[in-house]
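Participant: Sharing a structure, written as structure tokens. Questions coming.
Each value in this text was obtained by applying a stated rule to the coordinates, not by laboratory testing. The model shown is predicted, which means the values in this text are computed figures rather than measured ones. Cβ placement follows ideal geometry from the backbone for every residue including glycine, while neighbour counts extend to all protein chains displayed.
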Amino acid sequence: MGRPRWVAVCRDRDRRSNLASSSGSRCRSMSARLALVAAVIAHRGASQAAPENTVEAFRLARDLGADWVEFDVRRTTDGVAVVHHDAHLADGRRIGRMQADDLPDYVPSLAEALEACEGMGVHLEIKNLPDDPDYDRDNLVADAVAGLIAAYLGPGRGVVSSFNVDAADAVRAVNPTIPTALVCGIVQPAQAVARATAHNMAAVHPFDAMCDASFVRRAHDAGLAVNVWTINQAERMAELVAMGVDGLITDVPDVARAVVDAG
């Protein structure tokens, strides 16, 4: 299984200050041991070697050297938080209209996923956008997410992210100590940073194409960590590490592990 490597995924507004800040600070350490290296974050688990968002993919990610796992969270009609990227299963059935017990075995509950991620940190992306077929404007999944993070993860081992800032805000309304992050596609860097800071977030998760050295500097100057998705080429990983990104979200955690350790 290797060694757990806890690294920081958020930054103080003063980047020279200790990341293990007081409880009143917006950003806090993600670990008891801080390392000045980029975190290896397995995108939906080791998803190039195993079916994505499955217990198998999460366990394999740990074996391949991931520090963190990233996966997607949705809510069933009976209120159970489950892990799946799309609103529909491959056979067309809509998760938001199904009972949890009726889901295929390969779709884990959030509790099962967190158990499989023992020894790693977890980035939970809440899938709940206004154009989703089962959009929930009340973000009811927040209660389950916050409760299960508290039950299964130690301090600093869980981060909640979303394209939808309301979903992230709903989790912090339940438990203000849970760090949150803004996931963003191709947007103006200033807009992404301003939105994340306005919602008291700890990090931004930009799409690779929008991430350059100036974006990283802008985010860090605002006290935000930068975890970039989805990076599968070693050369690009090395470029991002040289820029000072805080995390590489990747389908191939073994490749990222080698790049980070070589740097």
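Participant: If we count every other residue with Cβ under 13 angstrom of Val145's Cβ, Lys/Arg +1 and Asp/Glu -1, where does the sum land?
Facilitator: Values: positive: Arg74, Arg75, Lys127, Arg172; negative: Asp72, Glu125, Asp136, Asp143, Asp169.
So the surrounding residues net to -1.
Participant: How big is the C-alpha Rg of the chain next to the rule-of-thumb value 2.2 N^0.38 Å, as a ratio?
Facilitator: Details: Rg = 17.0 Å, N = 263, 2.2 N^0.38 = 18.3 Å.
Expressed relative to 2.2 N^0.38 Å, the Cα Rg reads 0.93.
Participant: For Asp131 paired with Asp91, estimate the spin-label separation in nm (one decimal), with each label point 7 Å from Cα along the Cα-to-Cβ line.
Facilitator: Going by the 7 Å Cα→Cβ label model, 2.9 nm.
Participant: For the residue pair Tyr106 and Arg236, what label-to-label distance in nm results when each label sits 7 Å from Cα along the Cα-to-beta-carbon direction?
Facilitator: The modelled label-to-label distance comes out at 2.5 nm.
Participant: Simple spin-label model, 7 Å along Cα-to-Cβ: Asp63 to Thr177 in nm?
Facilitator: 3.4
Participant: Mind ordering 79-91, 140-152 by average Cβ neighbours within 10 Å, highest first?
Facilitator: Working: 79-91: 16.5, 140-152: 18.9.
Per-residue mean Cβ counts within 10 Å order the peptides as 140-152, 79-91.
Participant: Return the whole-Å distance between the Cα centroid of segment 96-125 and the Cα centroid of segment 128-199.
Facilitator: Cα centroid of segment 96-125 versus Cα centroid of segment 128-199: 17 Å apart.
Participant: Need the full-extension length gain, Glu115 to Asp138, defined as separation in residues times 0.36 nm minus the C-alpha distance. One decimal, nm. Mind showing how you got there, number by number?
Facilitator: On the way: separation 23, 0.36 × 23 = 8.28 nm, distance 2.72 nm.
Extra length available between Glu115 and Asp138 comes to 5.6 nm.
Participant: What residues have an amide H closer than 5 Å to that of Val183, excluding those fewer than 5 places away on the same chain, when H is modeled at 1.01 Å from N in the peptide plane?
Facilitator: Ser162, Phe163, His205
Participant: How about segment 125-189: which trypsin sites (Lys or Arg not before Pro) there are in a DSSP loop, with at most 10 other Cβ atoms within 10 Å of their Cβ?
Facilitator: Details: sites: Lys127, Arg137, Arg157, Arg172; in loops: Lys127, Arg137, Arg157.
Qualifying residues, ordered by number: Arg137.
Participant: Let me ask another. How big is the dipole moment of segment 39-262 about its Cα centre under a simple scheme where the beta carbon of each Lys and Arg is +1, that of each Asp and Glu is -1, and everything else is neutral? Debye, nearest 20, please.
Facilitator: Working: 17 positive and 33 negative charges, 110 e Å.
In debye, rounded to 20, segment 39-262 gives about 540.
Participant: Could you pull out every whole DSSP H run in the chain that spans at least 18 Å of Cα extent along its own axis and averages -0.5 or higher on the Kyte-Doolittle scale?
Facilitator: Counting only whole DSSP H runs, no helix qualifies.
Participant: Further, regarding this structure: Report the local net charge at Gln233: Lys and Arg +1, Asp and Glu -1, summed over other residues whose C-beta lies under 14 Å from its C-beta. Show your work: numbers first, answer last.
Facilitator: Working: positive: Arg236; negative: Asp208, Glu235, Glu239, Asp251, Asp254.
Cβ neighbours under 14 Å give a net charge of -4.
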